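Everything below concerns the one structure shown next.
Just so it is clear, none of the values below were taken in a lab; they were calculated from the coordinates. All values derive from a computational prediction rather than experimental measurement. Quick reminder, even Gly has a Cβ in these numbers, built from the backbone with ideal geometry, and neighbours come from all protein chains shown.
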Amino acid sequence: ILIYPWLTKGGTDISNDDLDWLHGKHFLNDNLISVILMLVCEWLARRNEGFMNNVYFFSSFWFPKLQKVSNTCFKRDYTDVRCWTSKIDIFAHKYLIVPIHKEYSLS
């Protein structure tokens, strides 16, 4: 249906399947969560210019990728997510927001 944000690298595809996911007993999926977080981020940044200097939103795909266990050992495979944080200093942000689905939570 659309790619958001459009005309930039790293957009998220929203398809008919993503919208169909909302019917029945399903909740949001990773694509919908990703777009909602981008929209919330943009809205908050317009309301407060310094907001984005204090907060970093990870993609909803980041934590499941981090949780993947390496085939060669029993520790988490950081190499797959290293490039997602290579261009930012996460310690320079006051808050880090990491969306986690129920199936990946510790509960």
How big is the equivalent ellipsoid of the range 1-68 along its three axes, where each semi-axis is √(5λ) from the Cα gyration tensor, reported in whole Å from largest to smallest? 23, 15, 12
Please compute the length gained on full extension between Ala92 and Phe51, using 0.36 nm multiplied by the number of residues separating them and subtracting their Cα-Cα distance. 13.5 nm
Please order Tyr95, Tyr4 by the number of other Cβ within 10 Å, starting at the fewest. Tyr95, Tyr4
Residues whose modelled amide H sits under 5 Å from the amide H of Phe57, counting only those 5 or more places away in sequence or on another chain, are Ile97
